[in-house]
Amino acid sequence: MFGLDPWQFWTIFAVTAFAGFVKGAIGFAMPLIMASAFASILPPQTALAALILPVLTTNIHQALRQGPAAAMQSIRDFRWHIAMVLVFLMISAGLARSIPQGLMYALLGVPILGFALWQLAGRPLALPIRHRRRAEIGTGIIGGLYGGISGIWGPPLVVLLLSLGVPKQEQVRVQGVVFFLGAAGLTAAHLASGILNAQTIPLSAALCVPAFGGMLAGFALQDRMDAAVFRHWTLILLVITGLNLARRAFFDWI
């Protein structure tokens, strides 16, 4: 079954459905969930290839859920963040082998964990509108630098959106737009690298089915959540993300 034992395939099928559900409900964390689980049961290159098409296609749907016009408006509204992510992702990609992964995971995970815990403690961080461009540029640079080195560029955007108090529907759409642009670059890069090939593309395509099924169920939950509940669960997911990055840093160092 796609070169895998049946138990391997059905395990990653279930993980993908769950990751899709979380993405539909909150708007992010799909590749983090899939990568963490896949890496424990699949060869590294197969694990990476398997998640690429589900991540790409679900981000297209997430970005376009309110239509192309709304997606283009999100691109215009957050153009500084998007531009910095794309520029610095390309700049940092060449440094991926020279910077210790554990250090990068720690430098990203610990601040994210601190931010989320601070917010959950009832101490909101609000960015004045006059500082928005600087905040977009700063978080875009951070996201791009980390994206090129570790493949993780989403959390700084989530921090920015929460800090700006962006409405729930717009937050999810902006995340979809930015994540799609990054995922498109990742797909192109690994078609060129050979990680996505005649053997791995069918597996990755098959996983689009549970990804979309899970995401549609997540959308149904998201639509029923009020803004406060959505924000709370977004912060909980950021805490989990920060802890996971810190865990990866710890195990990379020992």
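Nothing in this text is a laboratory measurement; each read-out follows from the coordinates by a stated rule. Remember, it's a predicted structure, so these values are computed and weren't measured experimentally. Reconstructed Cβ throughout: ideal geometry from the backbone, glycine too, with neighbour counts over all protein chains shown.
On full extension, the segment bounded by Phe18 and Val209 gains 67.6 nm, given 0.36 nm per residue less the C-alpha separation.
Convex hull volume of the Cα atoms in region 204-254, per residue, in Å³?
Details: hull volume 4.2 nm³, N = 51.
Value for region 204-254: 82 Å³ per residue.
Evaluated with a Cβ-only charge set (Lys, Arg +1; Asp, Glu -1), region 6-253 carries a dipole of roughly 480 debye about its Cα centre, given to the nearest 20. In percent, rounded to a whole number, the relative contact order of region 6-253 is 41, using alpha-carbon pairs under 8 Å and six or more apart. Once the gyration tensor of the Cα atoms in region 115-254 is diagonalised, the equivalent ellipsoid follows with semi-axes of 28, 20, 17 Å, ordered largest first.
Ranking Pro111, Leu196, Trp233 by Cα position along the charge dipole of the chain, where only Lys, Arg, Asp and Glu carry charges on their C-beta atoms, puts Pro111 farthest toward the positive end. Taking the chain as a Gaussian network of alpha-carbon nodes connected by springs under 10 Å, the highest mean-square fluctuation of the residues Pro111, Pro100, Pro128 belongs to Pro128. For region 173-179, the Karplus equation 6.51 cos²θ - 1.76 cosθ + 1.60, evaluated at θ = phi - 60°, returns couplings of 5, 4, 4, x, 5, 5, 5 Hz by residue, with Gly and Pro reported as x. Translational diffusion coefficient of the chain at 4 °C, 1.567 mPa s, Stokes-Einstein with Kirkwood Rh over Cα pairs, in µm²/s as a whole number. Result for D is 71 µm²/s. Summing charges over all other residues whose Cβ lies under 15 Å from the Cβ of Gln222, with Lys and Arg as +1 and Asp and Glu as -1, gives +3. Computed 3J(HN,Hα) for region 102-107, one whole-Hz value per residue from the Karplus formula 6.51 cos²θ - 1.76 cosθ + 1.60 where θ = phi - 60°, is x, 4, 5, 4, 5, 5, glycine and proline marked x.
Phi angles across region 50-56 convert, under the Karplus curve 6.51 cos²θ - 1.76 cosθ + 1.60 with θ = phi - 60°, into 3J(HN,Hα) values of 4, 8, 5, 5, x, 5, 4 Hz, Gly and Pro given as x. With the convex hull drawn over the C-alpha atoms of region 22-145, the volume per residue is 151 Å³.
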